[in-house]
Amino acid sequence: MTRILIADDHDVVRSGVRAILEAHPGWEVIAEACDGKSAISEAAKTRPDVVILDFGLPLVNGVEAARQIKARLPGTEILIFTMHDTDNLVRDALEAGARGFLLKSDARQLLTSAVESLVNHKPFFTGKVSEALLESYLSKGSGKQSVLSSRERSVIQLIAEGKTNKQIADVLSLSTKTVETHRAAAMRKLNVDTTAALIRYAIRNNFVEA
């Protein structure tokens with residue numbers, strides 16, 4: 001039996017994904033989570049074979065959750081499930097240890113194929129994501145780099161969700177001083193000097209829902 005965890009902050013999405021997966025013989029959804037922090041704790045408790053993570057999870061986004069789950073459960077395969085397919089997001093997911101990336105718009109047709117690939121420890125990327133990934137790798141030669149680190153993006157997401165530096169430190173298991181350092185670095189890289197400007201950046205770049 002293949003054991004699967006689903007993490008998405010929308011009940012209807014989790015229900016739809018569960019229905020597709022449980023129609024497949026030999027697959028069982030053993031846990032669900034509605035935010036990234038719960039996804040990490042549920043994965044640690046249930047030790048699933050595959051984790052399906054929405055990128056835009058509250059508290060801890062899908063990429064950061066993938067990083068923490070892979071650190072604890074290196075044999076667990078991760079599928080990032082998202083509405084967006086930017087090259088930075090794809091690259092961050094790969095660096096976090098995810099080997100699958102599926103657009104929500106493709107879920108009805110490709111979710112089963114994606115999970116089958118991961119069950120067999122093979123990578124899976126939808127066509128549009130594959131194109132973005134190719135473009136990302138081709139652009140490396142030009143010196144193009146992601147402006148923010150994945151940890152800086154996690155900090156910005158939590159700021160946009162209204163968290164204080166101390167709350168962010170608790171969520172990401174960092175010291176408050178480290179959070180302040182990431183915050184300052186992000187503001188410097190983005191050339192902004194207010195929290196409101198950081199929040200606007202987070203919304204424009206789909207870190208959080210407006």
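Worth pointing out:
- Number of positions in the stretch 100-122 that are surrounded by fewer than 20 Cβ atoms within 10 Å (Cβ to Cβ) and at pLDDT 90 or above: 10
- Selected residue [surrounded by 18 or more Cβ atoms within 10 Å (Cβ to Cβ), free of Cβ contacts under 8 Å to residues at least 40 places away in the same chain and in a strand (DSSP E or B)] from 69, 80: 80
- Count - residues of the stretch 175-193 that are modelled with pLDDT of 90 or more and in a loop (DSSP other than H, G, I, E, B): 1
- Tabulated pairs, the stretch 49-60, first over 12 Å from residue 153 (Cα atoms) and modelled with pLDDT of 95 or more, second surrounded by fewer than 24 Cβ atoms within 10 Å (Cβ to Cβ) and among the charged types (D, E, K, R), C-beta under 7 angstrom, 6+ apart or interchain: 49/3
- Every test in (1) modelled with pLDDT of 95 or more; (2) open to solvent by 10 Å² or more (accessible area, probe 1.4 Å) is passed by residue 1 save one, and that test is (1).
- Which listed residue is open to solvent by 50 Å² or more (accessible area, probe 1.4 Å), within 15 Å of residue 63 (Cβ to Cβ), at pLDDT below 90 and of a type in the set (D, E, K, R), from 204, 200, 151: 151
- Matching residues, the stretch 73-83, being under 16 Å from residue 36 (Cβ atoms) and at pLDDT below 95: 80, 81, 82
- Inclusion of residue 32 among residues that are charged (D, E, K, R), outside any helix (DSSP H, G or I), within 30 Å of residue 174 (Cα to Cα) and in contact with a strand residue (DSSP E or B) (Cβ under 9 Å, 6 or more places away or on another chain) is warranted.
To keep it simple, each residue is scored yes or no on (1) among the aliphatic types (A, V, I, L, M); (2) surrounded by fewer than 18 Cβ atoms within 10 Å (Cβ to Cβ).
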{"residue": "7", "(1), (2)": "yes, no"}
{"residue": "12", "(1), (2)": "yes, yes"}
{"residue": "16", "(1), (2)": "no, yes"}
{"residue": "33", "(1), (2)": "yes, no"}
{"residue": "38", "(1), (2)": "no, no"}
{"residue": "51", "(1), (2)": "yes, no"}
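- In this structure, residue 193 does satisfy being more than 22 Å from the chain's Cα centre (by Cα), open to solvent by 50 Å² or more (accessible area, probe 1.4 Å), over 17 Å from residue 55 (Cβ atoms) and not hydroxyl-bearing (Ser, Thr, Tyr).
- Contact map, the stretch 97-119: first residue under 12 Å from residue 79 (Cβ atoms) and part of a loop (DSSP other than H, G, I, E, B), second residue small (Gly, Ala, Ser) and open to solvent by less than 30 Å² (accessible area, probe 1.4 Å), Cβ cut-off under 6 Å, separation 6 or more or different chains; pairs are 97/66; 98/66.
The values are calculated or read from the model by the stated rules, or taken from the named source; none is laboratory data. Note that the structure is predicted; figures quoted are calculated from it, not measured. Note that we place each Cβ from the backbone using ideal geometry, even for glycine, and neighbour counts take in every protein chain shown. Note: accessible area is taken over every heavy atom of the protein model, side chains too, but ligands, DNA and RNA are not part of it. Shrake-Rupley method; radii C 1.70, N 1.55, O 1.52, S 1.80 Å.
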